[in-house]
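Data block below; observations after.
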């Protein structure tokens, strides 16, 4: 069997997910033994439109990028998004909460019309996406596991329980106990609670679990006497595209 | 033979972070167009953070760039700390210097090893080198791995760090962890020397092009300035970071979604070469030895030498990190429980300036009395370099018109790559276009 041909593309984002692929270090060299990378602008000069799997990083933030996305969809058998911006819209959606003209004028002044933009959105708002690799940035181990599954034609495993499950297993002191506001109770696990392990909070970068237990989260908030506005603000960081005022 | 008619159209320059294009049109021997343009999708970070609370600003602005996320986080923290009048502890200050070194090592190794070496070795990417030069590639991978381990240990995650917060850190590494890191860094000298010798053996491939320009970098009488210092220039007096707008003077051009900048001349350069041109005397001893191997002396006006300057900084950051770790290990008061100072948010404006891998970075925030951001400005190294790249191209193209087209294209791409542009930062760039 010939090796699958892989292309990597980026739209509006920080390219931190592509960096995680480079950060696989020697495992990247192993991975390269099983795939043929045929297009990866950030890392190589060559380019081909003949590929089986397309990995896409970044959100779609302007109409003119939609054609490029549709072209990728047409060429690829499998489209996989990598990272929060591509998978759920991510940080880019923060600008959607503000008036678009104000936002454009604040950054580009009276020349703002020269710079095209529209509300930021995840890739599946424009084209069909076959699989999503979550995280900001993606977790390297999870990425490798997902690629392995895809190469074996199996459905990759992605947890559908909240980050709290992993966080408890890691014996972290709960962020709420430390007096902080955390969105771990409703955020999809799979990151091994990496941010809380480092003394921070869960920011929600992997998006909501499929059926978030909002009541339980509210109980936690009541128990610790926390401010709902503060939490709503934290929701907006990554859940922008799916977040609705309740 | 001089190309009397030539069209170059490099749409999305490769092996750079972000999207940019190069266009050159020559008709009847006359250069009609020679343009470097940035076509990255704009992201509007300065507007995104308005209305956000102080404790999420560094988290959001870190996302400006994956490759320099540690640098953006540190600059953001400095701006917030300056607005609230926070003085971090001397130990936090040492560890933040280690954080800057960690990112410098990570980013420079990636750039020199993965993005520049393929040009010097005549291939399109590092992938074929993995089979043709496995020993060298493994060395580069190994150095990159140590730098990432250092970033993870000091900053908590290699990308979008979690330990760095206003007031200090959420966690300090233990002395045992620092000792292990010190040994790894000290064990990397052989590999660094191998890479330096490899680059030296290929240095003849770096175009010999010179155009006088201004170099701007942080500067300090106490150290090779990276985390702290005054804004310095090879042309003018120094000034505190609060006066950054007098240096950057950003302006918009229609062909680019990123802003351009100018100071004493029509453009200036920031980055490793600017730092070495401004602060050569304060480089570590081993770094000076490597600079001498390449005959790199201030003031060097060849932008292609920026990659060599990065190599010299890899040596400096390794040597200075070992020095800092030794100081921490010898300090009996080191307390991993005492990582963050207490403070209260207050209304005010604060400025942060840090030398990140690609040059001087500024964040400027205005907060209200509840600690919510009212106004923000971020000036990115790559934006400060765009105009300089453009003027270099204008000076360079007439000098190389007698070369075959593929060589002209490569020389122009290498020019852009030498600046190690971070286009998603600046917003995104790099493509060469020739129209025929």
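Bear in mind that the values in this text are calculations on the coordinates, not laboratory data. Keep in mind the model is a prediction, meaning the values are calculated, not measured. All Cβ positions, even for glycine, are placed from backbone atoms using ideal geometry, and neighbour counts span all protein chains on display.
Cα convex hull of the range B:278-436: mean projected area in nm², to one decimal?
14.4 nm²
For residue B:32 and residue B:223, FRET efficiency with R0 = 45 Å and r from the beta-carbon atoms, rounded to 0.05? Show your work: numbers first, answer last.
On the way: r = 48 Å, r/R0 = 1.07.
The value I calculate is 0.40.
What order do you get for B:207-213, A:77-83 when each peptide is scored by the mean count of other beta carbon atoms within 10 Å, highest first? Don't jump to the answer; show the numbers that get you there.
Values: B:207-213: 15.7, A:77-83: 23.1.
The packing order, highest mean first, is A:77-83, B:207-213.
Compute the label zone of residue B:327 within the range B:142-168: residues whose backbone N is under 20 Å from the point 7 Å along Cα-to-Cβ.
B:150-151, B:153-155, B:164-165, B:167-168
So what are the three principal axis dimensions of the range B:45-403 from its Cα atoms, in whole Å, longest to shortest?
Result, largest extent first: 63, 50, 36 Å.
What is the average number of partner chain Cβ atoms found within 10 Å of a Cβ in A:19-28? Walk me through the numbers before you get to the answer.
On the way: counts 11, 3, 0, 7, 10, 2, 9, 6, 1, 4.
That average works out to 5.
In nanometres, what is the gap between the two model label sites at residue A:30 and residue B:93, each 7 Å from Cα along Cα-to-Cβ?
Each label point is offset 7 Å from its Cα along the Cβ direction, giving 4.4 nm.
Which FRET efficiency value, to the nearest 0.05, do you get for residue B:177 and residue B:197 by plugging their Cβ-Cβ distance into 1/(1 + (r/R0)^6) with R0 = 30 Å? The partial results should precede the final answer.
Values: r = 31 Å, r/R0 = 1.05.
Plugging the Cβ-Cβ distance into 1/(1 + (r/R0)^6) gives 0.45.
Just grab the label-to-label distance for residue B:266 and residue A:218, each label 7 Å out from Cα along the Cβ direction, in nm (one decimal).
For the pair residue B:266/residue A:218, the computed spacing is 6.5 nm.
For B:218, A:231, which order do you get if you count the other beta carbons within 10 Å of each Cβ and list the fewest first?
Values: B:218 26, A:231 17.
Result, fewest neighbours first: A:231, B:218.
Mind pulling the angle between the C-alpha long axis of helix B:90-109 and the longest principal axis of chain B? Nearest 10 degrees, somewhere in 0 to 90.
In chain B, helix B:90-109 runs at an angle near 20 degrees to the longest axis.
Angle, helix A:228-239 long axis vs. longest principal axis of chain A, Cα atoms, 0 to 90°, nearest 10?
10 degrees
Averaged over every viewing direction, what's the projected area of the C-alpha convex hull for the protein assembly as shown? Give it in nm², one decimal, please. Present the calculation step by step, with values, prior to reporting the outcome.
On the way: hull surface 113.5 nm².
Hull-based average projected area comes out at 28.4 nm².
Within a 10 angstrom radius of each residue's Cβ in A:157-169, how many Cβ atoms of other chains show up on average? Whole number is fine.
Values: counts 0, 0, 0, 0, 0, 0, 0, 0, 0, 0, 0, 0, 0.
Going residue by residue through A:157-169 and averaging, the value is 0.
Calculate, for residue B:374 and residue A:66, the FRET efficiency according to 1/(1 + (r/R0)^6) with r their C-beta to C-beta distance and R0 60 Å; round to the nearest 0.05. Show your work: numbers first, answer last.
Values: r = 34 Å, r/R0 = 0.57.
Once rounded, the FRET efficiency stands at 0.95.
Tell me, what is the percent relative contact order of the range B:45-403, built from C-alpha pairs under 8 Å that lie six or more residues apart?
Details: 630 pairs, mean separation 96.5, N = 359.
With pairs under 8 Å counted, the relative contact order is 27 percent.
Spin-label point model (7 Å from Cα, Cβ direction): what's the residue A:110 to residue A:148 distance in nm?
6.0 nm
Provide the packing ranking of B:123-134, B:14-25, i.e. peptides ordered by the mean count of other C-beta atoms within 10 Å per residue, highest first.
Numbers: B:123-134: 16.3, B:14-25: 25.8.
Ranking the peptides B:123-134, B:14-25 by packing returns B:14-25, B:123-134.
On a 0 to 90 degree scale, rounded to 10, what angle separates helix B:381-400 from the longest Cα axis of chain B?
Helix B:381-400 sits roughly 20 degrees off the main axis of chain B.
Please arrange A:229, B:186 by counting, for each residue, the other beta carbons lying within 10 Å of its beta carbon, fewest first.
On the way: A:229 8, B:186 13.
Placing the least packed residue first, the sequence is A:229, B:186.
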